[in-house]
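Okay, so here's the structure we're looking at.
The values are calculated or read from the model by the stated rules, or taken from the named source; none is laboratory data. Keep in mind the model is a prediction, meaning the values are calculated, not measured. Note that each Cβ is placed from the backbone with ideal geometry, even for glycine, and that neighbours are counted across all protein chains shown.
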Amino acid sequence: MASIWTLHFHSLSVRPSCPFFIDSNSSTRRRRRHRFLITNGISTQQFKQQCITSISKFHHQLLTSISIPMPQFLTNRNIGINLPIWVCVAVVILVASLRALSKFSRKKERPGSVADLVRRGQLRSDRRGISRNLKYEDPFDNPLVKVSKSKSSVEMCGKVYRLAPVTLTQEEQAVHQRRRSRAYQWKRPTVFLKEGESVPPDVDPDTIRWIPANHPFATTSTDIGEDFAHKNVSQKHGVPFRIQAEHEALQRKLEALQNEEELNKVVINPINAKEFERPFNSHGRLNDHAEKTSLNNQVKDPLSSKLDSSPNNFGSASSSGEDQNLKL
Amino acid sequence: MLSLYNHPTTTTTTTTTNLKSHFPSITHLRHSPTFPKPKPKTLTKSLLQWNRKPQLSGETPRVVVVTSGKGGVGKTTTTANIGLSLARLGFSVVAIDADVGLRNLDLLLGLENRVNYTVVEILNGECRLDQALVRDKRWSNFELLCISKPRSKLPIGFGGKALTWLVEALKARGDKTGGNGTGTNGSGSGSSSTGSGCPDFILIDCPAGIDAGFITAITPANEAVLITTPDITALRDADRVTGLLECDGIRDIKMIVNRVRTDMIKGEDMMSVLDVQEMLGLPLLGVIPEDSEVIRSTNRGYPLVLNKPPTLAGLAFEQAAWRLVEQDSMQAVMVEEEPKRGFFSFFGG
Ligand SMILES: Nc1ncnc2c1ncn2[C@@H]1O[C@H](COP(=O)(O)OP(=O)(O)OP(=O)(O)O)[C@@H](O)[C@H]1O
Ligand SMILES: [Mg+2]
């Protein structure tokens, strides 16, 4: 009796110190054996019998355990206790994870959360980039805009709104127009004059806009003529005025230089040459491209065709330039 | 997009226009499976959802000035978003920033680094019109034209006339590509979709006030979009500007009420959209809610309507663009109220 007690005591004192998973292999082996027994169709009676014998064997082992080496005892004991423990642990983990999952999904649905904002489109979850075609083409009928059957409410971005009909009639509009035409009598000014300037003879004084002398507009010097400006607007091809002027100036400079050269027989050094090229580059950044394609057959002389391109020209000048732009 | 558009028969087209005219009257067959509907109708409907395109009404180019009177109510925002919406719907658009000196449409569109030439350079003969047009890389049928650089001077003596010439030149662009479609311009045939022909829409972003800049901006316009916010100061200016536009012969004026807060309207802290309409007596092109995303998109140079998924304000801009194309106006406005927990709302319908 005393020996049993001491044994029990011993086992209890040992258990905490021994790790739970001394030999997982043995436990699986044992489990496999169990399954084997059951699936082999052994009757419950037999199984019971076996259990009893195994228990009694176990008891015997316990009694004789003092002489038995420690590890084997521990393994045997662990298997018996661990099986339900492992099941319990698994169940607890399962329940906890399920609860966490349900909590997480509930959090997602909670109105006002960040996830909600993303769902409603208030926050962008996708990165900024080149826009693509939306999946829908109809802003009145798409997954984000849903009109109720009765047309009395609309759901936009997840929020339901009532629809109040517009009551404005044609007559009311006309009444407002008449009111305004009485209140505001106005003629759009077509002539702008600085204060102090004299009124041209053939001008209706009602259409003059007087610009105060300190107004930013008043500082504008209209040194370009109206007809000239009009011509420039409708200019479709050819070398723009400024570039042409610069080009001509350059030409003159080059000629002058060449004449000088002939006189002095001085070789142009590369630094000088670069200096002359600069105006080209500053005005036609797409020069190379224009040269390659040379689609601009509107321009007669080849030199100016090189110049005939500009940084933000993607219009009608060169179609390949346009294609390139689309691909960017 | 155009090829898709060929599909609907005349009957379906008419129904769509009818349905559209009183938004939001489009029946929602796809989202209400609880209602058994005749099969063929459902089929038409679902096909239409993917094939619909607004019907362009009116003569092209439609020259629309976006104006407000009061500053900072959202003219530039509206121009950028409606312009890009129109481009996405397949129309070719030229947006003109007529804000002399204080231009910011280029910033909103994120094209500020590509503006090298402006109208001032065109008038001076320093560049051609097509060189000053900045084509958007996201939507190639959208082009931006700035009237001037911050410190350059527009000759105001004929500023308005200059804009009219520009419109004429843009119109003639279509003739040119159609007329002598030589080897010079290989893409001449598909003019309207690629944007090299006559544009469908010319949107003019008007500066605030009723100064010389305003006069310049409204000169070439045939129609106007008036932007206002539901506050009394903006409304007074809006009424005045409307009066001036009407005096100038622009009769087709529609308004967009911007920065609407349905929650404040519900609490009677803000004038409702219908109140605004009662005061101005103008048809509604759109109602844009106050949306923090507007500011963010401004900072990014990436207009709202390109956002995925679209925001509330982005959707409202898209709808306004659609109505603009069809020369339509709103027949109902959204009012906030507690959602009725009905049977169908349970299903999300
Ligand atoms: N619906 C909106 N919700 C929130 N902010 C908005 C909205 N619409 C415009 N804003 C903000 O208002 C400011 C002014 O907008 P915007 O520049 O478009 O006005 P504007 O009328 O063009 O001004 P200006 O008269 O100076 O040209 C911007 O900062 C913009 O972000
Ligand atoms: Mg602006």
Selection from region B:254-290 of residues that are within 16 Å of the chain's Cα centre (by Cα) and polar (S, T, N, Q): B:Asn258
Exclusive hit being away from ligand 2 (no atom under 16 Å from the Cβ), of a type in the set (D, E, K, R) and under 21 Å from B:Ala212 (Cβ atoms), set B:Glu143, B:Glu126, B:Glu121: B:Glu121
Residue match in region B:67-78 (condition: more than 16 Å from ligand 1 (Cβ to nearest atom) and at pLDDT 90 or above): no
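Let's see how each residue does on (1) within 11 Å of ligand 2 (Cβ to nearest atom); (2) part of a helix (DSSP H, G or I):
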site	(1), (2)
B:Val65	no, no
B:Val73	yes, no
B:Thr77	yes, yes
B:Gly90	no, no
Where a residue in region B:63-89 is under 19 Å from B:Ala221 (Cα atoms) and its partner, wherever it lies, is acidic (Asp, Glu) and within 8 Å of ligand 1 (Cβ to nearest atom), with Cβ under 6 Å and at least six apart: B:Val66/B:Asp205; B:Lys75/B:Asp205; B:Thr76/B:Asp205; B:Thr79/B:Asp205
Region A:186-213 residues that are at pLDDT 75 or above and hydroxyl-bearing (Ser, Thr, Tyr), paired with ones that are surrounded by 12 or more Cβ atoms within 10 Å (Cβ to Cβ) and assigned to a loop (DSSP other than H, G, I, E, B) (beta carbon under 8 Å, 6 or more apart): A:Thr207/A:Lys187; A:Thr207/A:Arg188; A:Thr207/A:Pro189; A:Thr207/A:Thr190
Leading residue by the ranking (nearest to ligand 1 (Cβ to nearest atom)) among those in region B:202-233 that are acidic (Asp, Glu) and touching a strand residue (DSSP E or B) at 6+ places or on another chain (Cβ under 7 Å): B:Asp205
Long-range neighbours under 7 Å by Cβ, at least six apart or interchain, first residue within 12 Å of another protein chain (Cβ to nearest Cβ) within region B:97-111, second within 11 Å of ligand 2 (Cβ to nearest atom): B:Val100/B:Pro207; B:Val100/B:Gly213; B:Leu102/B:Pro207; B:Asp106/B:Asp97
Listing of helices (runs of 4 or more DSSP H) fully contained in region B:100-139 that carry 1 or more residues being more than 16 Å from ligand 1 (Cβ to nearest atom): B:119-124, B:129-132
Sole residue being under 23 Å from B:Glu223 (Cβ atoms) and within 7 Å of another protein chain (Cβ to nearest Cβ), chosen from B:Val333, B:Val305: B:Val333
Only listed residue being assigned to a loop (DSSP other than H, G, I, E, B), more than 18 Å from the chain's Cα centre (by Cα) and modelled with pLDDT of 90 or more, chosen from B:Gly197, B:Gly183, B:Gly249: B:Gly249
